[in-house]
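A short worksheet on the structure shown next.
Bear in mind that the values in this text are calculations on the coordinates, not laboratory data. The structure presented is a predicted model; accordingly, all values stated were derived computationally and were not measured. A quick note on method: Cβ atoms are made from the backbone with ideal geometry, for glycine too, and the neighbour counts reach across all protein chains shown.
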């Protein structure tokens, strides 16, 4: 009998005007991630990237603004640590929507994800109702 293992992945965009080191410190503090590090990318343009490993997940924060919305300057990737088999057999859950809502609520930051149809889905914390509002734009 073949053993099945499943993984997860997410890619979100975060609106922030903080420099990457300050943003990484803020993100780590709010999400309670204590074991993160920053280093220069190995490829040009050698920008600073933040990495973390926690609860079997790898996290990567890069300064990659969305062309139409440059105020969303950070792209955050999250995926299970050992994903070779899950990726090959397409056995990973796509959890970008959940992760965007989590970061929005915990970090009090506006987030966005790319939908399958090319639209962006924005998540904003509604301070009046205490809930989350979502907007969809292309």
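At a glance:
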quantity: Neighbour-count ranking [beta-carbon atoms within 10 angstrom, fewest first] of 29, 64; calculated: 29, 64
quantity: Ranked list, fewest to most other Cβ atoms within 10 Å of each Cβ, for 27, 72; calculated: 72, 27
quantity: Euclidean distance of C-alpha centroids, segment 93-127 and segment 1-69, integer Å; calculated: 15
quantity: Inter-label distance for residue 25 and residue 117, nm, one decimal - labels placed 7 Å from Cα along Cα-to-Cβ; calculated: 4.3
quantity: Residue exposure sequence - 96, 81 - by fewest surrounding Cβ within 10 Å; calculated: 81, 96
quantity: Inter-label distance, nm, simple model (7 Å from Cα along the C-beta direction), residue 108/residue 48; calculated: 2.3
quantity: Chain lengthening between residue 55 and residue 98 when straightened (0.36 nm per residue, less Cα-Cα); calculated: 13.8 nm
quantity: Length added when fully stretched, residue 71-residue 124, from 0.36 nm per residue minus Cα-Cα; calculated: 17.7 nm
